[in-house]
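The values are calculated or read from the model by the stated rules, or taken from the named source; none is laboratory data. Note that the structure is predicted; figures quoted are calculated from it, not measured. Using ideal geometry, Cβ is built from the backbone for each residue, glycine included, and neighbour counts are taken over all protein chains shown.
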Amino acid sequence: MHTRYVTACLMGAVSLMLLIGPACSKKEIQATSGSKSSERPMAKTDRADSGTAARPEPGISEQDLLKPGKGPSAENLPGDIKVAKVQPSDSTSRIAEDIRREQVATAASGLKDVYFAFDSWNITEEARQALTADAEWIKANPTSMLKIEGHCDERGTQAYNLVLGEKRAKAVRNYLAELGVVANRLAVVSYGKERPFCKERDESCYQQNRRGHIVVRTK
Amino acid sequence: MRVVVFIVYLAVCAAFVGITGAADVFLEATRPDFEKIPIGVLGFQGKTAVAGSAEQVATVLKADLRRSQIFSLMDLPKLGIKVNDAEDPEKALFKQATENGISVLVWGKLGVKEADVVLDGYVYDGGNDEVVAGKRYAGPSSVLRLMVHRLADELVFRYTGEPGIARTKIAFVSEQTGSRELYVMDYDGYAPRQVTADGFLNLMPHWSPDRRFLVFTAYRSRTTQDIDMIELATGKRWTLVSLGGLNITPAFSPDGNDLVFATSHDGDSELYKLDTRTKVLQRLTNNSASDLSPSWSPTGREIAFTSDRGGGPQIYLMSADGSNVRRLTYEGDYNAAPAWSPRGTWIAHVCRTPTKEYKLCVVSPDGQQRRQLTTGPGVDDSPSWSPDGRHLAFSSTAEGKSHIYMINSDGTDLERLTSGGTHHSSPSWSPL
């Protein structure tokens, strides 16, 4: 019952956010009354002026209904955390367009991706064949710049998979370099399990996601 | 008798949530002999423009009190205590409640004053046999839930001397807009607010100790990664760390002066410490394996982290200057993503079980005690303690999509905080 209530309310809040979020193009920042919004760029940890001291929540006033001095009060408690409205940016559409252009260029190149075993960054025999063909294309297109993305399946932690994804991408770069590709044409990036190709939860999907993805950069 | 009741309670919890393990060891975060205070919520009278608000106030308050783990919520109607006429309860009602073993009664009313909602809350204490607190909160109806949380925190503070967590927040990552962006929500999953809108990938938010900032990994150009910092109240954002390679898992020291993070700019992933005042960068680990996911002890003297220097990933401890490294976990071939509890007594982490599931475990810093908190299918990740040490937030794919959950530190009371068909991950619980 409670869960349903929570879910319903949360969905309401989320849909409200979706409705007003993207449509809002004002660069509006909520007022920061209460806490001192200094220009200091670093985290400040002086509790006396930022933590437990009286920091009333904007919009909420509080008073005692009984005679004062009767026990503790929420005035001794920390205030509320305020979150400014997100700054809208045009980067979303720009990034989507960049990705689309990369996909087109990559598909046209015929470059092959390589796949890895679970928890492994070893280049398999099958991957060697694919990379041999890739190296030929790269050498035949000497002005092209490439990016090797390391990807992982969903098993394991986010952080450890980012590290694993980087090992995979570097293994691909190193093998291409062995085949004579100039390494500074090959950028390396790990997306761990954050940008999966396939979102099902089975081995064939996991296999798709344990990938070294070779991309033709368009800028 | 109490043991039996407790066991039944655990069984019900486990059955209800489906994916928690039955707790056979009770890990009390504070005092092992702590007995919960029986509390009754008489209800709230009155109406505002927001329909159902009075019921909502009681529901929110009860959920806060349950989560506090300080109070035991009593079923008043079952005890024959009237809850619907509570605006000015009579002495006889107090007597009846006390006779039924209830120590504390809460009630109140909801009204409207000009544009504001006014919430009055009263607290009766059976030990003193008097009304010990009366609080009036006023504000726009949009902050009604916060007013209730404030009343709950008042109760927790009054009965424990410690601040409650009902007004803490949880930062997380959501794919709501199609890209992975940072959000901040109330500790109970309400009112998610978007913090970044880059259109690509922002990962692993972590709070500054003063709660004003989040640090996180930002893929600003899609090919390079930085560690960025954003001031929540203003949305002001800047780059703290801009080295080559992977720059992940930032964590502030408890005094807020140092940032420890993992970077692969000189090869494999190593831990570095950035003094945010002097900008001096110090390398803490130095080997050919991967070191990542630092978590500070509450004293700031030690750091737990993940390292695969022994083969698979395991949890290690070291002094904050990088000396005195020792391995903490030996059970299982995969232990990662450590989170040191606020009281220092446990280190939560992700553990791979013999059946190859990724679940939450806790281990004591001396390595002597270890326990698995969650069971069942799915990948659990990113444990983050509530500042009172009584809960953990974490992500799990137990129900398909990755969602954010909260669980008591003893493995009971699993509660899902996010909903919808999109990806949610990387919860980070705010400090107090």
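Structure notes:
- Residue match in segment B:264-271 (condition: surrounded by fewer than 17 Cβ atoms within 10 Å (Cβ to Cβ) and among the polar types (S, T, N, Q)): no
- Summed over segment B:221-263, residues that are surrounded by fewer than 17 Cβ atoms within 10 Å (Cβ to Cβ), more than 9 Å from chain A (Cβ to nearest Cβ) and either modelled with pLDDT under 95 or touching a Pro at 6+ places or on another chain (Cβ under 9 Å) (or both) total 3.
- Residues satisfying the stated conditions in segment B:180-204, i.e. assigned to a strand (DSSP E or B) and closer than 14 Å to B:Trp238 by Cα: B:Asn202
- Screening B:Met318 on (1) over 24 Å from the mean Cα position of the chain (by Cα); (2) outside any strand (DSSP E or B) shows it passes everything except condition (2).
- For first residues located in segment B:129-146 and in contact (Cβ under 8 Å) with a residue 12 or more places away in the chain and facing chain A (nearest Cβ under 9 Å), partners that are surrounded by fewer than 18 Cβ atoms within 10 Å (Cβ to Cβ) and among the polar types (S, T, N, Q) and lie 6+ apart or on another chain with Cβ distances below 7 Å form the pairs B:Arg136/A:Gln63; B:Ala138/A:Ser61; B:Gly139/A:Ser61.
- Some residue of segment B:190-198 being more than 7 Å from chain A (Cβ to nearest Cβ), more than 19 Å from A:Asp90 (Cα to Cα) and either in contact with a strand residue (DSSP E or B) (Cβ under 8 Å, 6 or more places away or on another chain) or modelled with pLDDT of 95 or more (or both): no
- The strands (runs of 3 or more DSSP E) found entirely in segment B:326-432 that carry 2 or more residues being at pLDDT 95 or above and within 25 Å of B:Asp186 (Cα to Cα) are B:335-340, B:347-352, B:358-363, B:380-385, B:391-396, B:403-408, B:424-429.
- Positions within segment A:109-135 being among the hydrophobic types (A, V, I, L, M, F, W, C) and touching a residue at least 60 places away in the same chain (Cβ under 8 Å), in sequence order: A:Leu111, A:Val114, A:Phe116, A:Ala117, A:Phe118, A:Ala127
- Failed item, numbered, when B:Tyr159 is tested on (1) modelled with pLDDT of 95 or more; (2) more than 12 Å from B:Gly121 (Cβ to Cβ); (3) more than 8 Å from chain A (Cβ to nearest Cβ): (1)
- Residues of segment A:136-187 classified as outside any loop (DSSP other than H, G, I, E, B), closer than 16 Å to A:Thr106 by Cβ and of a type in the set (A, V, I, L, M), total: 9
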